[in-house]
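Below is one structure, written out as structure tokens; the observations come after it.
A short reminder: the numbers here are calculations on the coordinates, not readings from a lab. Fair warning: this is a prediction, and the values are worked out from it, not measured in the lab. Don't worry about glycine lacking a Cβ; one is built from the backbone with ideal geometry, like all the others, and counts go over all protein chains shown.
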Amino acid sequence: GEDVEQSLFLSVREGDSSVINCTYTDSSSTYLYWYKQEPGAGLQLLTYIFSNMDMKQDQRLTVLLNKKDKHLSLRIADTQTGDSAIYFCAPARGRGKLIFGQGTTLQVKP
Amino acid sequence: DTAVSQTPKYLVTQMGNDKSIKCEQNLGHDTMYWYKQDSKKFLKIMFSYNNKELIINETVPNRFSPKSPDKAHLNLHINSLELGDSAVYFCASSLRDQKNIQYFGAGTRLSVL
């Protein structure tokens, strides 16, 4: 299977919370990142979590890490139309190598 | 004052041609990367240079040759372009510390006809 798996698509209404899930295979990742890609643009770092943490909160973003299940999630509170984009989780391997999956396309309906 | 800049943004060319994509970063980082994003949005690392030294070289055809003249630049040269090379290529850079946060350029969309 793939090293990183995410659902391909998520649709929410403006103002709701969005939860994007990610499973990965490499348990040795020390840092795990979330990136956002808007149409026609590069990847923008949203947040990251160190592997010895269970949770990290950063304004509207909450990251949960379950190392035992190799599961990472990103919760966006009060989702806005400007949050519509593709979201990638990216666990880091050695020498700075980030492992990406296909990303989750988040559609926010007004 | 763009942090990681790539040129060109779009590149349309014929099969068999040779082309280059340039990348420059002004963040003072010591590590640079090339990634390829295919039509299904999979993003995969190709190469990484740290202080002009190649440190990651994934299974990439040897038609692809990265060149790093200095820490702020990492160019990608592609020989004998094939249809399957059509993709978006992203350059990124980071400071090789514990967090190693990577900053990405806007991408170069390569179309091989």
> Cβ-Cβ below 6 Å, separation at least six or inter-chain, first residue in region A:34-58 and more than 12 Å from chain B (Cβ to nearest Cβ), second surrounded by 12 or more Cβ atoms within 10 Å (Cβ to Cβ) and not in a loop (DSSP other than H, G, I, E, B): which pairs?
Replying inline: A:ASP54/A:LEU65; A:MET55/A:LEU64; A:LYS56/A:ILE49; A:LYS56/A:VAL63; A:ASP58/A:THR47
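For region B:2-113, please list each of the strands (runs of 3 or more DSSP E) lying entirely inside it that holds at least 2 residues being within 27 Å of A:TYR48 (Cβ to Cβ) and within 14 Å of chain A (Cβ to nearest Cβ).
Answer list for region B:2-113: B:4-7, B:19-25, B:31-37, B:43-50, B:53-57, B:87-94.
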> Name the residues in region A:97-110 that are within 14 Å of chain B (Cβ to nearest Cβ) and either part of a loop (DSSP other than H, G, I, E, B) or out of contact with any strand residue (DSSP E or B) (no Cβ under 6 Å at 6 or more places or on another chain) (or both), would you?
Replying inline: A:LYS97, A:ILE99, A:PHE100, A:GLY101, A:GLN102, A:GLY103
> Which of the residues spanning region A:59-83 are surrounded by 13 or more Cβ atoms within 10 Å (Cβ to Cβ), touching a residue at least 24 places away in the same chain (Cβ under 8 Å) and not polar (S, T, N, Q)?
Replying inline: A:LEU61, A:VAL63, A:LEU65, A:LYS67, A:LYS70, A:HIS71, A:LEU72, A:LEU74, A:ARG75, A:ILE76, A:ALA77, A:ASP83
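Which of the residues belonging to region A:32-52 are surrounded by fewer than 17 Cβ atoms within 10 Å (Cβ to Cβ) and within 15 Å of the chain's Cα centre (by Cα)?
A:GLU38, A:GLN44, A:LEU45, A:PHE50, A:SER51
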> Does any residue of region A:73-82 turn out to be in a strand (DSSP E or B) and either within 13 Å of chain B (Cβ to nearest Cβ) or among the acidic types (Asp, Glu) (or both)?
Replying inline: no
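With respect to A:SER11, determine if the residue is among the polar types (S, T, N, Q), crowded, with 17+ Cβ neighbours inside 10 Å and farther than 25 Å from B:ILE56 by Cα.
No; evaluated as a whole, the condition is false for this residue.
Residue by residue through region B:80-92, note down the ones that are surrounded by 14 or more Cβ atoms within 10 Å (Cβ to Cβ) and in contact with a Lys or Arg (Cβ under 9 Å, 6 or more places away or on another chain). Spell out the reasoning first.
At the first step, the residues of region B:80-92 found to be surrounded by 14 or more Cβ atoms within 10 Å (Cβ to Cβ) are B:81, B:85-92.
Scanning region B:80-92 gives B:LEU81, B:ASP85, B:SER86, B:ALA87, B:VAL88, B:TYR89, B:PHE90, B:CYS91.
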